[in-house]
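*Asks:* Please find one structure pasted underneath; my questions will follow.
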Amino acid sequence: MRIYLDNCAFNRPFDDKEQLTIKMEAVAKLYIQDEIRSGKYDLVWSYMNEYENSDNPYEEKREAIKTWEKIAKQVCPPTDTILARGNEIQKAHVKPKDSLHLSCAIESGCEYFITTDVPLLKKRTLFTELKIINPIDFVREMEAKDAGSK
């Protein structure tokens with residue numbers, strides 16, 4: 001299964017975990033990372049991940065996130081098709097960077113787009129090409145699938 005994590009998801013383990021939701025999302029994201037490393041999921045990395053991560057002012061966080069490019073099974077470069085789709089996605093009032101992340105995920109054939117970005121999660125019903133989901137719900141859904149297949 002091919003999945004895409006945006007920079008909000010990659011950064012979640014570094015966020016302040018005073019709020020329970022943030023703490024739970026961080027734990028779920030770290031669990032997803034373990035599953036990627038074990039080969040259960042194929043990670044797609046994109047030029048947008050690289051672009052946004054390069055703006056991270058914290059070197060330790062930036063370097064930790066950058067390692068995922070090497071772990072990814074696929075790297076999505078910028079193309080005219082991705083830019084055109086991104087422009088179409090923006091018409092649904094999705095921020096420009098988010099629209100390009102989504103476009104990369106769609107063009108790369110991802111089944112899931114994992115994010116902690118609440119405004120983007122609220123737009124999940126606008127997209128049929130992939131499922132936009134937060135890390136907690138992704139883990140729940142995958143556990144339910146695994147339990148159903150036994």
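Here, each number is a calculation from the coordinates, and none is a lab measurement. It should be emphasised that the depicted structure is a prediction, and the values quoted were computed from it without experimental measurement. So basically every Cβ, Gly included, is an ideal-geometry build from the backbone, and we count neighbours across all protein chains shown.
*Asks:* Take the alpha carbon atoms of the chain, find their radius of gyration, then divide it by 2.2 N^0.38 Å using N residues; give the quotient. List each step's numbers first, then the result.
*Replies:* On the way: Rg = 14.7 Å, N = 150, 2.2 N^0.38 = 14.8 Å.
Here the Cα radius of gyration is 1.00 times the empirical estimate.
*Asks:* The range 1-61 to the range 62-128: how many Å between their Cα centroids?
*Replies:* Each part's Cα centre sits 13 Å from the other's.
*Asks:* List the pair-distance distribution P(r) of the range 1-71, using every Cα-Cα distance, as the percent of pairs falling in each 10 Å bin from 0 up to the bin containing the longest distance, rounded to whole percents.
*Replies:* 20, 52, 27, 1
*Asks:* Under a point-charge model restricted to the Cβ atoms of Lys and Arg (+1) and Asp and Glu (-1), what is the dipole moment magnitude of the chain relative to its Cα centre, in debye to the nearest 20? The partial results should precede the final answer.
*Replies:* Values: 23 positive and 26 negative charges, 71 e Å.
With only Lys, Arg, Asp and Glu charged at Cβ, the dipole is about 340 debye.
*Asks:* Let me ask something additional. Picking from Gly109, Gly86, Gly39, which is most flexible by a Gaussian network model of the chain using Cα springs under 10 Å?
*Replies:* Comparing Gly109, Gly86, Gly39 in the GNM, the peak value goes to Gly39.
*Asks:* In the chain, which Cys residues have no partner Cys with a Cβ closer than 4.7 Å?
*Replies:* Singleton cysteines: Cys8, Cys110.
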